[in-house]
Every structure is written in structure tokens, then in C-alpha cells.
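These notes concern the structure reproduced below.
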Amino acid sequence: MSIRPLTAAAVSTALTLVSAAPATAATTTLADSYGMTTDRLVATSAAFLGLAAVIVGGWAVSRAGSPARSFVAVGAGAVAAIVGVIGFATADGGPGTGNGIVGAAIAIVLGLAAVALGTRAYRRAHR
């Protein structure tokens, strides 16, 4: 099954929703602060930690040897995923509200991917 029809449908739906939104000042205000709030900083830091863990996990999978890299990937990925879950659970609003919910979701995904890569590298090193 090709993904092109699904992608085209998603893009056309997004464009329809964006173009149908009213352009008044009262409805376009999404966040009280467009700067870096504390929640955004925590979620973004967790997302970057998850990204680093995925990179280390991919490095551990691609190179056989010491299981130390796999431990780093699993540990950092778990921390990123846990911080992401906490940030996601405590967010008061949706995307664009300054609560860091998008960064938390990215941290969860990257953290779980890093844990999976680190586990795979560890099992591969101990064959």
C-alpha cells in the first residue's frame, strides 16, 4: 500500500482547516508567552536527550563491542521518556499554549526508540 494517498489526504485536510479558521485577533492568540517557558525548556531538553540517546543507540547497534554504549542509550532514553510522560501528563493545554506538550511527545517517542535500540545492541553484544 502506498503512503502517497494518505499523505495527500492529510495535507489537503490540514490546508482546509487552516484556510477555514477565522482570522480575528481573539481566536489567533494561542499562547500567553511566545518565549521559552519552563515547561517548554524541560520538554525540549528531554527531547534533545532522547535524540542524543537515539544517536548513541544507533551507534551501538552499528558497531559491535562494548555494551557500554547500549547502557547509555537505554538509560538516557528511559530518562527522556519518563520526563516526557511527566511533561505530557501535567500539561494544561494543547500545542501552542506554552506547556511543552509537543516537546514532551517527541521526548516520549525518541526515548522509547533509544531504549529499543539500546536493548537490541545489548542483546547483540551478548550473543
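For the reader, a short list of remarks on this structure follows.
- In plain terms, the bigger the Kirkwood radius, the slower the diffusion; for the stretch 32-127, with that radius from Cα pairs, at 25 °C and 0.890 mPa s, Stokes-Einstein puts D at 185 µm²/s.
- Cα-only Debye scattering, the stretch 57-108: base-10 log of I(q)/I(0) at q = 0.23, 0.26, 0.29 Å⁻¹: -0.76, -0.86, -0.97
- The phi torsions of the stretch 101-108, fed into the Karplus equation with coefficients 6.51, -1.76 and 1.60 and a -60° offset, translate into couplings of 5, 5, x, 5, 5, 5, 5, 5 Hz, rounded to whole numbers, with Gly and Pro shown as x.
- Where chymotrypsin sites (Phe, Trp or Tyr not before Pro) fall in DSSP loop in the stretch 28-127, at most 16 other Cβ within 10 Å: 34
- Here the extension length gained between residue 126 and residue 89 equals 9.7 nm, from 0.36 nm per residue of separation less the Cα-Cα distance.
Since every read-out is calculated from the coordinates, none of them should be taken as a lab result. For clarity, every value in this text was computed on a predicted model and none was experimentally measured. With ideal geometry, Cβ positions are generated from the backbone for all residues, glycine too; neighbour counts draw on all protein chains shown.
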